[in-house]
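Reviewing the structure listed below.
Each value in this text was obtained by applying a stated rule to the coordinates, not by laboratory testing. Keep in mind it's a predicted model, so treat the numbers as computed, not measured. Glycine also receives a Cβ, built like all others from the backbone with ideal geometry; neighbour counts cover every protein chain displayed.
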Amino acid sequence: MSTASISRRRSPGDVIFAAAAYGCGVFVLVLLGAIIVSLFVGGLPALSHFGPAFLWHTTWNPVTQTFGAGVPIFGTLVTSLLALVIAVPLAFGIAFYLTEIAPEWVRRPVGTAIELLAAIPSIIYGMWGFFVIVPIMSQYVMPTLTDWLGDVPLIGGLFSGPPFGTGLLTAALILAVMVIPFIAATMRDVFLTVPPVYKESAYGVGCTTWEVMRSIVIPYTRVSVVGGIMLGLGRALGETMAVTFVIGNANRIATSLFDPGNTIASLVALEFPESPAGSLKLSSLLALGFILFVISFIVLAVSRFLLRARSA
Amino acid sequence: MSATIAPFAHPPFARPVRDARVADRLSRHRRRVDITVKVLGTLATLLGLLLLASILLTLIWRGMAGIGITTFTHITLPPGSHGGLLNAIVGSLVQTTLGTLIGTPVGLMVGTYLAEYARGSTLGNAVRFVSDVLLSAPSILIGLFVYTLLVAPFGGFSGIAGCIALAILVVPIVVRTTEDMLRLVPISLREAAFALGAPKWQVTVMVCYRAAREGIATGVLLAVARVAGETAPLLFTSLGNLNWSLSMTQPMASLPVTIYQYAGSAFDDWVDLAWAGALLITFGVLALNILARAVLRRG
């Protein structure tokens, strides 16, 4: 009896199951490697043809077969960073409201509603942006901004130009709406990790809610908050469909926020159907994909690192 | 004493204020700042809710105009001939279902590996990190990857390539919830099963999975909700198909891709259909999300 049970400790089922679990774990690593390698190999012809200048060259001309990643990289960075500038204060306000201001019974339904914003598919944001936000931008927001800020030295140029409604600013706005729920949810979750005794002692010496937030909660959660913002940035960088609808899709470096532009993801989505297999253009698109992957990987890796620091 | 208080008080006050008028002004200033920030926070939340309402109302308003019985009975037809979305709806169902069926077991096993086999190991940490990165990686890149893997070498867009792309998106979502939920299963439950002489795989499958059932189901539902609305990866894999086709080796229609093609068109009835499709997919996805939350709360 006892010898039988000892010899059966590693039953065949155990070996198979452990191997399957191990195999699937390794598969995830292989998957990431395969994605990087396939994009790099696919983009290699373009990268070797244009050299490092591919990164900053601003031409995208299928007729002359000249392709450069300068404009989409510029557009990706500008729209994503601008989106963060808009989204972070709003997301912070929402997290502040949900953790400190709202009455208990409001917190869960409102929190759920904000999280549902993250569940709406990106193409829906694209349609909503194109049919609802773009007309508002062209009729009201852009002319008003031009009136107010158009003549201000240095920054005036950013708010000038024909108010088509589409463009970098509109794309950044839509991106901001899309990343707000991610940043707000992360902020709320990390704000809730602050030990109540810290907050209570601050209230005890007479701090207001905002002072507790500013002097206790934010210093305590600073690292994770930055991690949450980076997570939002990672989302914004690779967003495709929503941006494609509203950015105006023009391959030139914009001098105004109202100018049309493109991002890596929107350019790939738009140009892909006209890129035959094996062409230099398709290779350039794959090279763009590789660049986007590298940028997002770095941002997401930093985000994970900062957010891990909390649980460790 | 002041050294310990200084980081907490803002601005730092070196000495208690003795002058009553100064103290009064300071107190009013602090209260004003507090109220201002509270109002701003509340406004930010209201803005968020307003945006959600605006999206949903726009979808209902425009979608109801385009939706009708023919939306579900007719396939996509040329403009002006009263087409529907039948092939797109069926294509989406097929690809989402198959993608979930392929991706869920893999994700489940990875989550099991992380929670049951690899606690604290270097390989486990690497797998967890990579899975988390894949969770937020741009979905368009998954599409490009599957294109170079399954479309370009075999010379054609296919439904199965779309399924694989969606499956890759499903995996990290299921991994995250499975690992989190398995970690919540008490050790004593496992020990009780081990004490009965059950091998580890049986403990995992028959005890841990059962204890974490609701959580794992939530992850799968969330994964379905996420991939059902994905457009970008399908553009490079199953491409979309305006005709009726259930062949997995041919291009296959899907709701998001059809919405993308129709919304940008110049024909009013196509734009209406795009809104109808958008209404269907959004409310489907939101219903799945709410269902997932309900399942989790019951567990």
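Please state, rounded to one decimal and in Å, the Kirkwood hydrodynamic radius that the range A:92-225 gives when every pair of distinct Cα atoms enters the mean of 1/r.
About 17.6 Å, per the Kirkwood formula over Cα pairs.
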Legend entry - Average beta-carbon neighbours from other chains, 10 Å sphere, peptide B:29-41: 5
Legend entry - More than 19 angstrom apart: percent of Cα pairs within the range B:77-202: 62 percent
Legend entry - Average beta-carbon neighbours from other chains, 10 Å sphere, peptide B:235-247: 1
Legend entry - Karplus (6.51, -1.76, 1.60) ³J(HN,Hα), θ = phi - 60°, over the range A:292-303, in Hz, Gly and Pro reported as x: 4, 5, 4, 4, 5, 4, 4, 4, 5, 5, 4, 4
Inset, instruction - Mind checking which lysines have their Cα closer than 30 Å to the Cα of residue A:199? Skip sequence neighbours fewer than 8 apart in that chain. - result: B:38
Legend entry - Pairs of alpha carbons in the range B:136-184 whose separation is greater than 16 Å (percent): 46 percent
Inset, instruction - Within the range A:209-247, find all residues whose amide N lies under 20 Å from a label point positioned 7 Å from the Cα of residue B:26 along Cα-to-beta-carbon. - result: A:209-216
Inset, instruction - Note the per residue figure in Å³ for the convex hull of the C-alpha positions in the range B:62-151. - result: 168 Å³
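Quick one: if you take sqrt(5λ) for each eigenvalue of the C-alpha gyration tensor of the range A:176-281, what semi-axes come out, biggest first, whole angstrom? Walk me through the numbers before you get to the answer.
Working: eigenvalues 394, 43, 18 Å².
Semi-axis lengths for the range A:176-281 are 44, 15, 9 Å.
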Legend entry - Mean ellipticity per residue at 222 nm, deg cm²/dmol - from DSSP H runs of n ≥ 4 across chain A, formula -39500 (n - 2.57): -22000 deg cm²/dmol
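Using alpha-carbon pairs under 8 Å, 6+ residues apart, how would you state the relative contact order of the range B:69-298 in percent?
RCO, the range B:69-298: 27 percent.
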Inset, instruction - Compute the Rg/Rh shape ratio of the range A:13-121: radius of gyration over Kirkwood radius, all on alpha-carbon atoms. - result: 1.21
Legend entry - Among B:285, B:39, B:171, residue whose mean-square fluctuation peaks in a GNM of chain B (springs only between Cα atoms under 10 Å): B:39
Inset, instruction - Please work out the ratio of the alpha-carbon Rg of chain A to 2.2 N^0.38 Å and round it to two decimals. - result: 1.25
Inset, instruction - Using only Cα positions of the protein assembly as shown, each an equal point scatterer, no hydration layer, compute I(q)/I(0) via Debye at q = 0.08, 0.11 Å⁻¹ and quote the log10 values to two decimals. - result: -0.63, -1.13
Legend entry - Orientation-averaged projected area, Cα convex hull of the range B:69-298 (nm²): 14.3 nm²
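Please give the average number of partner chain Cβ atoms lying within 10 Å of the Cβ of each residue in B:144-156, rounded to a whole number. Don't skip to the end; give the middle numbers.
Working: counts 15, 11, 2, 8, 12, 3, 0, 1, 6, 1, 0, 1, 0.
Average neighbour count from other chains, rounded to a whole number: 5.
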Inset, instruction - Give the whole-number value, in cubic angstrom per residue, of the convex hull volume spanned by the C-alpha atoms of the range B:105-169. - result: 89 Å³
Legend entry - Euclidean distance between Cα centres, the range B:247-298 to the range A:12-79, Å: 28 Å
Inset, instruction - Would you mind getting me the FRET efficiency between residue A:40 and residue B:125? Use the beta-carbon distance for r and R0 = 25 Å, nearest 0.05. - result: 0.50
Legend entry - Among B:287, B:225, B:23, residue whose mean-square fluctuation peaks in a GNM of chain B (springs only between Cα atoms under 10 Å): B:23
Legend entry - Among A:17, A:159, A:182: highest mean-square fluctuation, GNM of chain A, C-alpha pairs under 10 Å: A:17
